[in-house]
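Following: one structure in structure tokens, then a few remarks.
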Amino acid sequence: MQFIDLNAQQKRIRKEIEKRIGKVLDHGRYIMGPEIAELENQLAEYVGVPFAVGVGSGTDALCMALLAHDIRPNDVIFTTPFTFIATAEVVRLLGATPVFVDIQSDTFNLDPTLLDAAVRETRSRGNLNPRGIIAVDLFGQAADYDDIHRVARAHGLFVVEDAAQSFGGSYKGRMAGSLASVACTSFFPAKPLGGYGDGGMVFTEDPALHESLVSIRVHGAGTDKYHNIRIGINGRLDTLQAAILLAKMSVFKEEIEMRQMVAERYADGLKGLVTLPRIKAHNVSAWAQYSVLHPDRDRIVAALRDEGIPTAIYYPIPLHLQEAFACLGHRSGDFPISERIASEIFSLPMHPYLSAGDQDRIVDAVRRCG
Ligand SMILES: *Cc1c(COP(=O)(O)O)cnc(C)c1O
């Protein structure tokens, strides 16, 4: 049994993938070939925003979103400590300061009430300049955007949606990737829409931000790449990855529904055995991960391993306790909900092609731990 089985999907669409790759080999435009614009247009339409910019990774997407907002030292970005390192890493990379805000214990997403308090406190200290918020749609479920935008408006902050895990999901009928003025997603192979290498996309409704992003993607290009009007990066998506993703989009909508069925089967089988993920009624999760809680997590994970059932822990160390952020001076106890969740959470195998039989095996193995 595999944690994420990428081969089942490949078997299904291998011909289409080979055809798409063959086309790129024929035209030879490996950098910014026609597949880039084709994918950007298709995903912008899918998400429901006017602009999409294909980029090298989800991390580049986040970095570019901050560069497009001209983030600099002394600026503060508010975000969750219970996420992948990239979310806060890019803030530090640009010399700005991440200020962490604890999460809701049921959705694992940024708590908007605590967010408001954190912005007030940072403002009252007066030495740093609050600029923006990066909200993360953890495990595929959108954060509470109405409340987050309310706080953002009250304090004049911009919002970036980290939709690396939620592409394909939705919030109040609107697709992930359209829930903030800039949204970032990732095509890392294990994400809901995964390529065969690194890749990502930035979405925006704002023509000015779009223009900045397109320039930042190619070293801050002005009229051409040898005329540079700002500091940018080499942030391009590869043509070959775009071609592969176009092939994968042919089954993506159906795969999101298949993930839904897998999640429902888990919920039926695991009820009462572990704390199940809570998806709010207005959300559709993209189910990047199926993550559950148990106070005796390590024992269950070990028992499953003995039965050949792979699990993963996202995330064992909240970001405020990572060595990389030692400069922020945090201590254990600073974000108690993130710390407790980190000690109790584990993720079960989750992909669209997970069979009911394998799921029964997993559920039975968890039950035997009880
Ligand atoms: C995967 C991920 C990223 C980074 O994406 P890459 O494509 O690996 O650079 C950022 N944020 C979150 C929440 C992620 O899960």
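What follows is calculated from the coordinates using simple rules that are stated; it is not laboratory data. Treat the numbers as computed from the prediction; the structure is a model and nothing was measured. Glycine gets a Cβ as well: all are built from the backbone with ideal geometry, and neighbour counts include every protein chain shown.
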Using amide H atoms built in the peptide plane, which far-off residues or other-chain residues are under 5 Å from GLY168 H to H? ALA176
Give me the percent of DSSP beta bridges within region 100-237 that run antiparallel, rounded to the nearest 5. 55 percent
Would you mind telling me which residue in GLN165, GLN104, GLN241 has the biggest mean-square fluctuation in a Gaussian network model of the chain, where springs connect alpha carbons within a distance under 10 angstrom? GLN104
Quick one: if you stick a label point 7 Å off each Cα along the C-beta vector at VAL251 and ASN129, how many nm between them? 4.9 nm
For region 56-163: rounded, prolate or oblate by the Cα gyration tensor [a/c cutoff 1.5]: oblate
Work out from phi, with θ = phi - 60° and the Karplus expression 6.51 cos²θ - 1.76 cosθ + 1.60, the ³J(HN,Hα) of each residue of region 96-107, listed in order in whole Hz, and give x for Gly and Pro. 8, 10, x, 10, 7, 10, 5, 9, 7, 6, 9, 9
Given the options ILE148, ILE229, ILE256, state which has the largest fluctuation in a GNM of the chain using a 10 Å cut-off (strictly under) for Cα springs. ILE229
Suppose a student asked you for the relative contact order of the chain, using Cα pairs under 8 Å spaced at least 6 residues apart; what percent would you report? 22 percent
Among DSSP beta bridges lying fully in the chain, give the percent that are antiparallel, nearest 5. 60 percent
Given 0.36 nm per residue, what is the gain on full extension from ARG150 to ALA303 after removing their alpha carbon distance, in nm? 50.6 nm
Simple spin-label model, 7 Å along Cα-to-Cβ: TYR226 to HIS27 in nm? 2.5 nm
Checked against the positive end of the charge dipole of the chain (+1 on Cβ of Lys and Arg, -1 on Cβ of Asp and Glu, about the Cα centre), the farthest of PRO34, HIS149, ILE317 is PRO34
With θ set to phi - 60°, apply the Karplus curve 6.51 cos²θ - 1.76 cosθ + 1.60 along region 262-274 and write out the HN-Hα couplings as whole Hz, x wherever there is a Gly or Pro. 4, 5, 5, 5, 4, 4, 4, x, 9, 3, x, 8, 9
Could you give the length gained by full extension between ARG120 and ASP334, i.e. 0.36 nm per residue of separation minus their alpha carbon distance, to one decimal place? 75.3 nm
Spin-label proximity, GLU264 to region 324-352 - amide N less than 17 Å from point 7 Å beyond Cα toward beta carbon: 351-352
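Where in the chain lies the longest segment free of chymotrypsin sites (Phe, Trp or Tyr not before Pro) that are both loop residues by DSSP (not H, G, I, E, B) and have at most 11 other Cβ atoms within 10 Å?
On the way: sites that count: TYR30, TYR226.
Answer from the scan: 31-225.
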Centroid-to-centroid separation of region 152-211 and region 313-354 [C-alpha atoms, Å]: 22 Å
GNM top mover of ARG92, ARG29, ARG20 - the chain, alpha-carbon springs below 10 Å: ARG29
Tell me which of GLY168, LEU114, ILE21 sits at the most positive position along the dipole axis of the chain, charges placed on C-beta atoms (Lys, Arg +1; Asp, Glu -1). ILE21
To the nearest 20 debye, the chain has a Cα-centred charge dipole, built from +1 on Lys and Arg Cβ and -1 on Asp and Glu Cβ, of 200 debye
Residue farthest toward the positive end of the dipole of the chain, with Cβ of Lys/Arg at +1 and Asp/Glu at -1: which of ALA247, GLN2, PRO50? ALA247
